[in-house]
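Have a look at the structure below, then the notes.
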Amino acid sequence: MSLASGVVIEAIDRDRPWVCAGEPMSLSARLGGMQEPGAVYRWVWLTAGGEAGLHPGPTLQWKAPEAAGKYVVRFQVCRDLGGRRVGVLAERLVEVEVRSCGPGERQEHEPLRLTVTQRGRGAFLFQALHPGRERIDAYAWDFGDGVTSATIEPRVEHTYALQNLGPGETRSFTVRLEARPSGGRPLVATAFVLTRGQPPSHEPPPVELEISRERVHPDGGWRSDVVVRNVSSDITWDRVERVTRYWDGGVEIDTRKWSEVVQVEEGLERGGFRGHVLLPPGEVAPGIKQILDFLYGYDPTGQEVVVSWSPFKSEAPLVPPEAVELPPRK
């Protein structure tokens with residue numbers, strides 16, 4: 001059902017013009033016009049097998065199907081009409097080209113990647129990943145809010161101003177990175193971040209998180225117990241972003257299905273749970289300083305909920321970091 005509205009979807013931004021089969025693509029809706037209080041944002045698409053995909057929020061990490069072709073992804077601004085019915089206030093479609101890529105074409109297509117890790121409310125870590133062999137002399141960052149930065153390191157942190165955002169109000173930014181290699185043309189990558197206004201001080205936190213200190217598991221590795229309770233509204237958990245920090249300053253970021261990281265032992269009300277995280281010995285190698293897990297989910301309005309913990313933290317190494325043989329990085 002379509003409803004009259006003053007909200008406008010000005011454009012759908014993407015982090016690349018096309019994507020290899022099975023690879024992720026980031027999409028972000030740029031909104032204008034008159035904002036609708038209580039509006040619900042969502043993405044809708046059909047997979048190659050004809051199954052429906054649905055994801056809330058104004059940004060989407062869309063995984064391309066394994067079959068090459070052209071696929072339509074639809075972004076909608078909706079109003080909840082009750083009884084599982086929604087009215088569409090605005091809608092925009094984007095056609096994504098998916099190609100079959102060989103290893104060489106995949107690297108040529110994506111010589112530079114930009115990953116994003118949320119550190120706190122409005123604070124983000126940006127990491128450049130460059131699979132090529134040429135040395136990068138400098139990185140130029142544009143955070144999309146009028147602030148720019150130049151570094152020689154492939155990572156930088158930035159905090160967005162939230163004072164002009166109302167409680168629960170969201171705003172997305174397009175982040176652009178230009179890497180300048182010693183020879184050849186500059187490389188460019190794009191990513192999107194979503195910020196949210198500070199909730200009123202009288203509102204309780206969306207969840208209560210209880211974490212036990214990590215301990216050695218009898219079969220090797222490390223185990224931490226995780227309990228999420230007193231959930232304020234129904235939450236659908238989506239993914240875990242694992243950040244591995246090394247003593248030499250290196251950082252790796254890996255996104256997984258949340259069910260692959262958290263072993264749920266008991267389901268609690270509204271998406272709460274009692275479970276544990278188990279790190280196998282192969283993931284706790286010498287040279288690792290700390291591992292951080294960020295669990296992302298969404299409430300019924302599409303607002304993002306994030307909780308985080310550290311399933312592993314090591315003491316300072318007894319030998320210099322350069323003398324430690326690090327495991328192969330992904």
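Nothing in this text is a laboratory measurement; each read-out follows from the coordinates by a stated rule. On a predicted model such as this, the values are computed, not experimentally measured, just so you know. Heads up, the Cβs are rebuilt from the backbone with ideal geometry, glycines too, and the neighbour counts pull from every protein chain shown.
Observations, loosely collected:
- Think of it this way: in the chain, C78 stand alone, with no other Cys Cβ under 4.7 Å.
- Counting lysine pairs in the chain whose alpha carbons fall under 22 angstrom apart, excluding pairs fewer than 8 residues apart on the same chain, gives 6.
- Taking the chain as a Gaussian network of alpha-carbon nodes connected by springs under 10 Å, the highest mean-square fluctuation of the residues G87, G122, G102 belongs to G102.
- Relative to the current alpha-carbon distance between R215 and V44, full extension at 0.36 nm per residue lengthens the span by 57.4 nm.
- Listed values for segment 19-27 are Karplus-derived 3J(HN,Hα) couplings in whole Hz (6.51 cos²θ - 1.76 cosθ + 1.60, θ = phi - 60°), namely 9, 6, 4, x, 9, x, 9, 9, 10, and x replaces Gly and Pro.
- Where trypsin sites (Lys or Arg not before Pro) fall in DSSP loop in segment 39-102, at most 13 other Cβ within 10 Å: R84
- Residues whose placed amide H lies under 5 Å from that of V40, excluding near-sequence neighbours: C78, R79, D80
- Our coupling estimate for segment 189-194, obtained by passing each phi through the Karplus curve with A = 6.51, B = -1.76, C = 1.60 and θ = phi - 60°, is 9, 10, 8, 10, 10, 10 Hz, Gly and Pro reported as x.
- Between amide H atoms placed 1.01 Å from N, distances below 5 Å from G144 occur with R176, all of them 5 or more places distant or on a separate chain.
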